[in-house]
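Colleague: First the structure, which I've put down as structure tokens, then a few questions once you've had a look.
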Amino acid sequence: LPLLRGRDVSKTYVARDWLGRQRLTHALQAASVAVSAGETVGVVGESGSGKSTLARCLIRLIDPTGGQVLWSQPDQGADSALIDVASFKEGQLRPLRSQVQVVFQDPNRSLNPRRKVGDSIIEGAINFGATRAEATVLAALLMDKVRLPAEGLQRYPSQFSGGQRQRIAIARALACRPRVLVADEAVSALDVSVQAQILSLLREIQAELGLGLLFITHDLRVAAQLCDRVIVMYQGKIVEEGPTAELFAHP
Ligand code: ADP
Ligand code: ADP
């Protein structure tokens, strides 16, 4: 059963050129995606194909121009009805945001560089109903889960390596108790060996928690390594979709 769904999601960006003429970019055209519990869905495609736009619409960082964005609802069974949040305002979205969390390529977008790691993680948990005491216990558990020492909670993000910062970003996302994690080029800035560590960590956490994982990447190798199913985008459209083994088996 899907926990996150996009139905015919479209996004047209409106920009003006230097003469003030309106320019439209049809960055996403009727894309449909579903992510179920325990499933890893990859979104691949060349630069500019619309991957990030799809991710930003699905996590409601931006308003889609058309279509439905369906999220699960907190404190309801996994088989309960999804709710269309495509045209929700931020205030309506806030209580639902725990359901779909994101890890960006740049850890500074997930973590406030001016706050101690522990405070960022604790804030995430408190935002979605944990008491401070519960959040503090959870923060220590999550550091352990992403294989960082608990002392790290007292440090700032800049005191960690890039790979460690991504682990912390994952811990912060998990503190919100999401059902779905969206990773937007989350390992793309890392060395290959560090990438492999993060991928195996993600796979382990995902299996343990039964999360849905939507994994956006321009790197086919990474998608083939991690994903059960892959969606291929080209010029704003989904042009191919299938189980990873089938998609990458072409001669
Ligand atoms: P990808 O993630 O696959 O690289 P994007 O979703 O970032 O693709 O971009 C898809 C298209 O939309 C590109 O042509 C890009 O230049 C354009 N685009 C992305 N963001 C904006 C924006 N904020 N304003 C105008 N055009 C944008
Ligand atoms: P990311 O790698 O984080 O997805 P991008 O490098 O695609 O970000 O884009 C950085 C910012 O510039 C984003 O906010 C995106 O919306 C915006 N952007 C991307 N392409 C365009 C474009 N053609 N015109 C205007 N803004 C754009």
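Colleague: So if each residue of separation counts as 0.36 nm, and I subtract the Cα-Cα distance between Asp84 and Asp106, what length gain in nm does that give?
Modeller: Working: separation 22, 0.36 × 22 = 7.92 nm, distance 2.84 nm.
Contour length minus the Cα-Cα distance gives 5.1 nm.
Colleague: Would you grab the residues whose amide H sits under 5 Å from the one on Val103? Only those 5+ places off in sequence or on another chain, please, with H modelled 1.01 Å from N.
Modeller: Val182, Ala183, Asp184
Colleague: Calculated from DSSP H runs of 4 or more alone, at -39500 (n - 2.57) each and per residue, what is the 222 nm mean residue ellipticity of the chain, nearest 500?
Modeller: Calculated mean residue ellipticity at 222 nm is -9500 deg cm²/dmol.
Colleague: Next up: Along Cα→Cβ, 7 Å out, is where each label goes; now give me the distance between the ones at Gln154 and Tyr234 in nm to one decimal.
Modeller: Between Gln154 and Tyr234, the simple spin-label model gives 5.6 nm.
Colleague: Let me ask you something else. Under the rule a/c < 1.5 gives rounded, and otherwise a/b versus b/c splits prolate from oblate, where does the range 69-228 land using the Cα gyration tensor?
Modeller: Cα axes put the range 69-228 in the oblate bin.
Colleague: I'd like the trypsin sites (Lys or Arg not before Pro) in the range 144-251 restricted to DSSP loop residues with at most 16 other Cβ atoms within 10 Å, sorted by number.
Modeller: Arg147, Arg155
Colleague: As I understand it, the dipole of the range 71-185 uses +1 on the Cβ of Lys and Arg and -1 on the Cβ of Asp and Glu, about the Cα centre. Which of Ala130, Ile83, Pro157 lies farthest toward its positive end?
Modeller: Pro157
Colleague: For Arg114 and Val192 in the same chain, what is the full-extension length gain: residue separation times 0.36 nm, less their Cα-Cα distance, in nm?
Modeller: Residue separation times 0.36 nm, minus the Cα-Cα distance, leaves 25.2 nm.
Colleague: If a/c stays under 1.5 just call it rounded; otherwise compare a/b with b/c (prolate if a/b is bigger, oblate if not). Do that for the range 35-136, with a ≥ b ≥ c from the square roots of the Cα gyration tensor eigenvalues.
Modeller: oblate
Colleague: Run the numbers on the chain and let me know its relative contact order in percent, using alpha-carbon pairs under 8 Å that are six or more apart.
Modeller: Over the chain, the number comes to 27 percent.
Colleague: If one puts a single equal scatterer on every Cα of the range 1-70 and applies the Debye formula without solvent, what log₁₀ I(q)/I(0) results at q = 0.13, 0.22, 0.24, 0.27 Å⁻¹?
Modeller: -0.41, -0.95, -1.07, -1.23
Colleague: Can I ask one more? For the range 17-89, which chymotrypsin sites (Phe, Trp or Tyr not before Pro) are both in a DSSP coil and crowded by at most 13 other Cβ atoms within 10 Å? Numbers along the way, then the final one.
Modeller: On the way: sites: Trp18, Trp71, Phe88; in loops: Trp18, Phe88.
Qualifying residues, ordered by number: Trp18.
Colleague: While we're looking at this one, here's another question. Scan the range 1-54 for trypsin sites (Lys or Arg not before Pro) in coil per DSSP, keeping those whose Cβ has at most 16 other Cβ atoms within 10 Å, and list them by number.
Modeller: Arg21
Colleague: Classify the range 102-155: rounded, prolate or oblate, from the alpha-carbon gyration tensor (a ≥ b ≥ c, eigenvalue square roots; a/c under 1.5 rounded; otherwise prolate if a/b is larger than b/c)?
Modeller: oblate
Colleague: How high is the FRET efficiency from Asn127 to Ala15, r the C-beta distance, R0 35 Å, rounded to 0.05?
Modeller: Step by step, r from the Cβ atoms, then E = 0.55.
Colleague: Amide H to amide H under 5 Å from Val43: which residues, 5+ apart in sequence or cross-chain, H placed 1.01 Å off N in plane?
Modeller: Amide H to amide H, under 5 Å and 5 or more residues apart or across chains, Val43 pairs with Phe215, Ile216, Thr217, Ile231.
Colleague: Among Ser98, Ser36, Ser80, which one moves the most in a GNM of the chain with springs linking Cα atoms closer than 10 Å?
Modeller: In this elastic network of the chain, the residue with the biggest mean-square fluctuation among Ser98, Ser36, Ser80 is Ser80.
Colleague: List every DSSP H helix in the chain whose Cα atoms extend 18 Å or more along the helix's own long axis and whose mean Kyte-Doolittle hydropathy is at least -0.5.
Modeller: Values: long enough: 132-145 (19 Å, 0.61); 162-175 (20 Å, -0.09); 192-209 (25 Å, 0.70).
For the chain, where a helix must reach 18 Å along its axis and average at least -0.5, the hits are 132-145, 162-175, 192-209.
Colleague: Let me ask you something else. How large is ³J(HN,Hα), in whole Hz, for each residue of the range 40-47 in order, when computed from phi with the Karplus curve 6.51 cos²θ - 1.76 cosθ + 1.60 and θ = phi - 60°, using x for Gly and Pro?
Modeller: Result, rounded to whole Hz: 10, 10, x, 10, 10, x, 5, 4.
Here, each number is a calculation from the coordinates, and none is a lab measurement. In this text, all values refer to a predicted model and were calculated from it rather than measured experimentally. Positions of Cβ are generated from backbone atoms using ideal geometry, with glycine treated the same way; all protein chains shown enter the neighbour counts.
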